[in-house]
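The values are calculated or read from the model by the stated rules, or taken from the named source; none is laboratory data. Note that the structure is predicted; figures quoted are calculated from it, not measured. Cβ placement follows ideal geometry from the backbone for every residue including glycine, while neighbour counts extend to all protein chains displayed. Quick note on the areas: whole protein, heavy atoms, side chains included, nothing else; ligands and nucleic acids left out. Shrake-Rupley method; radii C 1.70, N 1.55, O 1.52, S 1.80 Å.
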Amino acid sequence: GWDWTAPVPDRNTGLWKPVRVQCTGPVVLRDPSPSYTCTGSEGAPSHVSLRVWCKNCSSSAVDVDLVGFVALANHQATATRRTKPCAVWRRRLTLEPSEGFVEVDLGVKVLRPLLWHPMGFGEQNLYRIGASAFTGKGGRCSHEVSTTTGFRQLETTVDPHTKGRKFVVNGQPVFVRGANYIVPDLFLRSVSAERCWQEVRYHAEMGFNMIRLWGGANAPYPAFFEACDYYGVMVWSEFWITGDCNGRGSTDQSPQSNQNWPLDHALFLRCARDSVEMLRHHPSLVLWCGGNEQTPCDEIDQGLRALLRDLDPGRTYVPGSLWGGFGEGGGDWSDGPYGIQNDRDFFSKSFYQWGFNPEVGSVGVPPAESIRSMFSSSQHRSPPKYVNDKEVPNGAWNYHCYITYAASQDEASKILMYGDAPKSLDEFCTRAQIVNYTQYRSMLEAWASMMWSKYTGMLVWKTANPWSSLRGQLYDWLLNPNGGYFGA
């Protein structure tokens, strides 16, 4: 667990996503892999190549006609329907009996694609790209695979003026106004595609143009990336190294992960390879990161660099969330703060020292109806009491990770800015929504007011919790927005 959630027993959970059985002909395909050149200019020529892996499952040699295609698929509802192809590849080959997966290069085509842009910078044009294998005298389709992708030019460097990480997409610098995201559910229970789409839509409605998939969680659901592609929300995807799990590194002062964690380095890297192959075609994906607030041990770090050079050479990798233009840039603790602030303090040039803050958080009590759903007992629902203007929450609120609405031990709770101590849950939560609103609005306006002169970006910690928590969120586990959502 962390300071925002309860511990989860047995994290070695095994299979937790759906498993399906597929029937095919003798030839099976996997991992259609497009690569392309892009100048960042709408309609400019782009050289597009397509590779796909083929396997012969039969005990006889098989002649295969491979047909690749790319077609515009510009809406969620049409993303799975093939429209008229913009280009078609064809190749004939013979696979030996029981021949394992072999990679086949279908060649290069020249297209003039419509570009994918981050939200606010243009349309999110998407393409369906894939391949079909035809066998036998009648040319029966043995198997077909496809994926959704988009064409865009991506550059990311450390800005020499602010020393913060800077993202440039299709020639346009993008000031990052984003947020951290964990997982939809603490216990990794089945989560619908509809929920993934709704959560990403919330981020888009708040104007967040980047989501960081925090490293203490897991590889996300495919529907999550599909939604990010559709809404134009860029994604920072992080591998599973985090200082919160096993202390920070091999010694108390070391930012590098303990050499003995994880125990099976080869398994970790196989999981990473699967994730990269699954996600690399999404145009919303703009950054790979080794871990949260620390770096992987040398063997895993070098392994990640090698597989990314091989599988996804066009994207930047940073070893940890406080390296390479994030926070101080060299691994020192330099994210946060995480509690409520005086709104005016956000606008001070001394509030945050560095150019890109990967985590800055605050409060997030949900509306009263959510708290009634959380607690069956009226005693547990009771809001904090006030003793000498200081909040005293009950044990249930403490268990659900409540944090104070007072900016310091010497200050009164900001709930009391709007009257005497609240007499009911509804009164407390109504005031909390006002405070949530002004807090997150001030935070985001302050960063934007120093766009490029001091900052290149920031990420709110965090938009939601994977359970019924009472802190650091803009909407709750039940998907009810709080005041912070509207402030953002």
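Per-residue 3J(HN,Hα) values for the range 120-136, derived from phi via the Karplus relation 6.51 cos²θ - 1.76 cosθ + 1.60 with θ = phi - 60°, read x, 10, x, 6, 9, 6, 10, 10, 8, 9, x, 8, 10, 10, 10, 9, x Hz in sequence order (x marks Gly and Pro). Atom-type composition of the exposed protein surface of the chain places 51 percent of the accessible area on carbon and sulfur (1.4 angstrom probe). Applying 0.36 nm per residue to the separation of Val21 and Glu328 and subtracting their alpha-carbon distance, the gain on full extension is 105.7 nm. The alpha carbon convex hull volume per residue for the range 270-395 rounds to 215 Å³. Place a point 7 Å from the Cα of Leu311 along the Cα-to-Cβ direction; which residues of the range 116-160 have their backbone N under 20 Å from it? Under 20 Å, as judged by backbone N against the label point of Leu311, lie 129-131, 145-150 of the range 116-160. Each residue, Ala421 and Gln302, gets one label point 7 Å from its Cα in the Cβ direction; the gap between the two is 6.2 nm. Computing Cα extents along the principal axes in Å for the structure here picks out one of [x] 65, 50, 46; [y] 86, 49, 47; [z] 71, 52, 43, namely [y].
Heavy atoms only, 1.4 Å probe, whole protein assembly: order Leu311, Leu72, Leu66 by accessible area, highest first.
Leu72, Leu311, Leu66
So how tilted is helix 193-205 from the main axis of the chain? Cα-based, degrees 0 to 90, rounded to 10. Helix 193-205 sits roughly 60 degrees off the main axis of the chain. Approximating the spin labels as points 7 Å out from Cα along Cα→Cβ, the Arg112-to-Leu267 distance works out to 5.3 nm. Between Val102 and Asp10, the contour length at 0.36 nm per residue exceeds the Cα-Cα span by 29.3 nm. Placing unit charges on the Cβ atoms of the charged side chains and taking the dipole of the chain about its Cα centre, the candidate lying farthest along the positive direction among Thr456, Thr94, Ile129 is Thr94.
Over all Cα atoms in the range 393-488, the spread is summed up by Rg and Dmax: 14.7, 46 Å. Assign one of three labels to the range 1-146, namely rounded, prolate or oblate, based on the Cα gyration tensor with a ≥ b ≥ c the square roots of its eigenvalues; rounded applies when a/c is under 1.5, prolate when it is not and a/b is larger than b/c, and oblate otherwise. Cα axes put the range 1-146 in the oblate bin. For the range 391-406, 3J(HN,Hα) computed residue by residue from phi via the Karplus equation (6.51, -1.76, 1.60; θ = phi - 60°) reads 6, 10, x, 7, x, 5, 5, 4, 4, 8, 6, 5, 10, 5, 9, 9 Hz, glycine and proline entered as x. Each other residue within a Cβ distance under 10 Å of Thr157 adds +1 if Lys or Arg and -1 if Asp or Glu, for a net charge of 0.
Keeping every protein chain present and rolling a 1.4 Å probe, give me the accessible area per residue for the chain in Å².
Result: 44 Å² per residue.
Consider all pairwise Cα distances in the range 142-197 and report the whole-number % of them above 15 Å.
Considering the range 142-197, 72 percent of its Cα-Cα pairs are separated by more than 15 Å.
Note on surface exposure: Val102, Val169 rank Val102, Val169 by accessible area, highest first, 1.4 Å probe. Rolled with a 1.4 Å probe across the full set of protein chains, the surface gives Val145 an accessible area near 30 Å². The string of couplings for the range 113-119 from the Karplus curve (6.51, -1.76, 1.60, θ = phi - 60°) is x, 6, 8, 8, 10, x, 4 Hz, one whole number per residue in order, with x for Gly and Pro.
Kirkwood Rh and Cα-based Rg: tell me the resulting Rg over Rh for the range 330-435, rounded to two decimals.
Details: Rg = 15.7 Å, Rh = 15.3 Å.
Radius of gyration over Kirkwood radius for the range 330-435 works out to 1.02.
Length gained on full extension, Glu42 to Gln379, computed as 0.36 nm times the residue gap minus the Cα-Cα distance: 115.3 nm.
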